[in-house]
Structures are given as structure tokens and as C-alpha cells.
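Before any comments, here is the structure.
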Amino acid sequence: MPADTGSGESRSSERQRKEAHSLEKRDSDASGPASPREEAYYRTELEYALGTPFTAGNHVEVMRNGVEIFPAMLDAIDAAEASIDLVTYVYWTGDIAQRFAEALARRAREGLRVRVVLDAVGTQKMSSEVVAQMREAGVEVRLFRPIKLPRPWQIDKRTHRKIMVCDDRLGFVGGVGIAA
């Protein structure tokens, strides 16, 4: 058995430190992409950490403002076959807000499952008529953390997410709210 060095460091932590140093050295010396074995290792570790398996064949398209994003989102709503899920912090008034409400309401009337989660603070400028229009058509509309006076410490705990998913396969994420 090796002699105790008095450092208080266990053999396993010393081994981890050496492995980390070895990986750092290898990475700094690497001139090309990771080997298939390394990719499999990192993929497995990330899947474990995130709690979900990765999928292949995905595609990402960057869209830069409402001029690019809103038509694509409205097209996705029109093309959806089973479900539409929308979560947003900002949903205000105006033409684009009305167009989204009409599209979501129409799809709910056609039998699709349409769910909308709106942040109670970020949607304060939203027209109550727009919410009523969606609800009457069968859209499940929920407010995230409605403001309650007895709990003012929760007012800053908002959902700033902006997500739309159609048919559990096509998604929009990023910094766009439903506003002109």
C-alpha cells in the first residue's frame, strides 16, 4: 500500500486529477476532430447529464426577426397535423397578435390539440378579446404565475421562454415574442 502523503487527497480524486490533466493535454495537442470513440463517450455523458437521448437528422435554421420568424411560425401552425404548443413571455396587441390568435383558434376548431402558456407579466398588454377568441375555439390557454398580492416575492419569477412546437417534431425557440 502506498505511503500516506498527508495531503488528505484520496486515491480516486488523485486519479481523477491525473485523468483530467491527461485529457487537457490531449485536447491541447489534438489537431483534428474527436475520434468516434471519443464522440460516443461525450455523447453518452451529455445524454446522461441532460436526461434525454440525442436524435440524429435534426436541422437548425437561424431566423433573425419577425419578418423571417412570424411567416415561418404561421406556416408551421397551418401545416400542423395533431398538436401545437406555444409558450411565450410577450404576447401583446396588434396585427401579428391577431393573426396568431386567428390561426391558433382555427386549428383548434379543426380538432388539433392547441395549448398556449402565457406569462402573466409579459402578456399584460395582451387584449382580453384575443384570449377569449382562442378559448372559445378550444385553445387551452393558461397563465404562468398569475400575480397574487400575498406573494409579491414571486413577481420576478417569470418564464421568459419563447417556444412553439408543432406535432412534437418542429420547434421554434429563441428571443421572439408575439408583438409588432
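The values are calculated or read from the model by the stated rules, or taken from the named source; none is laboratory data. Since the model is a prediction, treat every value here as computed from it, not as a measurement. Glycine also receives a Cβ, built like all others from the backbone with ideal geometry; neighbour counts cover every protein chain displayed. All accessible areas refer to the heavy atoms of the entire protein, side chains included, with ligands and DNA or RNA removed. Shrake-Rupley method; radii C 1.70, N 1.55, O 1.52, S 1.80 Å.
Here are the numbers for this structure:
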item	result
Residue within the stretch 89-103 that is more than 24 Å from the chain's Cα centre (by Cα), among the β-branched types (Val, Ile, Thr) and surrounded by 14 or more Cβ atoms within 10 Å (Cβ to Cβ) present	no
Flag for Arg115 being of a type in the set (D, E, K, R), closer than 20 Å to Gly171 by Cβ, open to solvent by less than 80 Å² (accessible area, probe 1.4 Å) and touching a residue at least 12 places away in the same chain (Cβ under 8 Å)	no
Matching residues in the stretch 59-78 - criterion: being in contact with a strand residue (DSSP E or B) (Cβ under 9 Å, 6 or more places away or on another chain) and more than 17 Å from Ala103 (Cβ to Cβ)	Met63
Elements of type helices (runs of 4 or more DSSP H) contained in the stretch 9-82, each with 2 or more residues being farther than 30 Å from Arg106 by Cβ, modelled with pLDDT under 90 and open to solvent by 100 Å² or more (accessible area, probe 1.4 Å)	11-29, 36-50
